[in-house]
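Encoded as structure tokens, the structure appears first; notes follow it.
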């Protein structure tokens, strides 16, 4: 089992996962910045992290999910700083022997990350106003 | 004895509070739960957001009854929204 987490300054350039040997299923999720928040058009999201707590909890979550779903690989990449509308702020690659575990793990990881990992986002409008 | 505790704020809670740090004076040593309650009183703008928030002490989520030392780093962990 291999796990890897990265925090990246700014947007993420999506790419295919590294070769995940021993997997019958490899799934990738890309989270991208939508054009609106709270029903208002926005220009970007500003992401914040709290190091080293964010990295530690992201890594712990990856290890927990990998064990829970018997994954062979999990790699999570999350932005901090400004990410403009249309750009990618989160990538998750998962490798598992079979499809169902990979897809279930993907969903579980994202739900848990949104619930407990100290990562925040604040929307910025075209005029520079912050939406909170 | 009383101590002044500095609490780091992030994301929407920092925007609502208008600051990245709040300083709260409480009898020492304060417990994490007491500090959370005091934050709401000191900053009504974030009070509605505190029900789902936790206090982190030295980068670990603290139980409500955990005592906080003057030398501890304290942060409010709430309204997280990764992904």
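The values are calculated or read from the model by the stated rules, or taken from the named source; none is laboratory data. This is a predicted model, so every value here is computed, not measured. Note that we place each Cβ from the backbone using ideal geometry, even for glycine, and neighbour counts take in every protein chain shown.
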Legend entry - Qualifying residues in the stretch B:9-30 (those that are buried (at least 18 other Cβ atoms within 10 Å of the Cβ) and without any contact (Cβ under 8 Å) to a residue 60 or more places away in the chain) - the one farthest from the other protein chains (Cβ to nearest Cβ): B:30
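State all residues of the stretch A:2-17 that are in a strand (DSSP E or B) and either without any contact (Cβ under 8 Å) to a residue 24 or more places away in the chain or crowded, with 17+ Cβ neighbours inside 10 Å (or both); if no residue qualifies, say none.
Once the filter is applied, which keeps residues that are in a strand (DSSP E or B) and either without any contact (Cβ under 8 Å) to a residue 24 or more places away in the chain or crowded, with 17+ Cβ neighbours inside 10 Å (or both), the stretch A:2-17 yields A:3, A:5, A:7, A:8, A:12.
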Legend entry - Residues that are closer than 15 Å to residue A:74 by Cα and over 14 Å from the mean Cα position of the chain (by Cα), drawn from the stretch A:24-55: A:24, A:25, A:26
Inset, instruction - Output yes when any residue across the stretch A:19-32 is over 27 Å from residue A:104 (Cα atoms) and touching a residue at least 40 places away in the same chain (Cβ under 8 Å), and no when none is. - result: no
Legend entry - Condition broken by residue B:56, with the remaining ones in (1) facing another protein chain (nearest Cβ under 10 Å); (2) touching a residue at least 24 places away in the same chain (Cβ under 8 Å); (3) in contact with a strand residue (DSSP E or B) (Cβ under 6 Å, 6 or more places away or on another chain) satisfied: (2)
Inset, instruction - Restricting attention to the stretch A:34-59, report how many residues are over 23 Å from residue B:77 (Cβ atoms), assigned to a loop (DSSP other than H, G, I, E, B) and touching a residue at least 24 places away in the same chain (Cβ under 8 Å). - result: 4
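Residues to consider are A:20, A:29; find the one that is modelled with pLDDT of 95 or more and either in contact with a helix residue (DSSP H, G or I) (Cβ under 9 Å, 6 or more places away or on another chain) or not in a helix (DSSP H, G or I) (or both).
Unique residue meeting the criteria: A:29.
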Legend entry - Residues of the stretch A:107-128 classified as within 14 Å of chain B (Cβ to nearest Cβ), under 21 Å from residue A:11 (Cβ atoms) and outside any strand (DSSP E or B), total: 8
Inset, instruction - Identify the residue in the stretch A:91-106 that is more than 10 Å from chain B (Cβ to nearest Cβ) and part of a strand (DSSP E or B) and, among all such residues, is farthest from residue A:73 (Cα to Cα). - result: A:91
Legend entry - Residues of the stretch B:49-76 that turn out to be part of a helix (DSSP H, G or I) and surrounded by 13 or more Cβ atoms within 10 Å (Cβ to Cβ), as a count: 2
Inset, instruction - Return yes or no: is residue B:46 surrounded by 15 or more Cβ atoms within 10 Å (Cβ to Cβ), at pLDDT 95 or above and assigned to a strand (DSSP E or B)? - result: no
Inset, instruction - Could you please let me know if residue A:76 is part of a helix (DSSP H, G or I) and touching a residue at least 60 places away in the same chain (Cβ under 8 Å)? - result: no
Legend entry - Answer residue from the stretch A:33-67, given it is surrounded by fewer than 15 Cβ atoms within 10 Å (Cβ to Cβ) and within 11 Å of chain B (Cβ to nearest Cβ) and is farthest from residue A:81 (Cα to Cα) among those: A:38
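Results for (1) at pLDDT below 95; (2) over 22 Å from residue A:51 (Cα atoms), shown as yes or no for each residue.
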position: B:36; (1), (2): no, no
position: B:39; (1), (2): no, yes
position: B:52; (1), (2): yes, no
position: B:55; (1), (2): no, no
position: B:58; (1), (2): no, no
position: B:62; (1), (2): no, no
position: B:71; (1), (2): yes, no
position: B:75; (1), (2): no, no
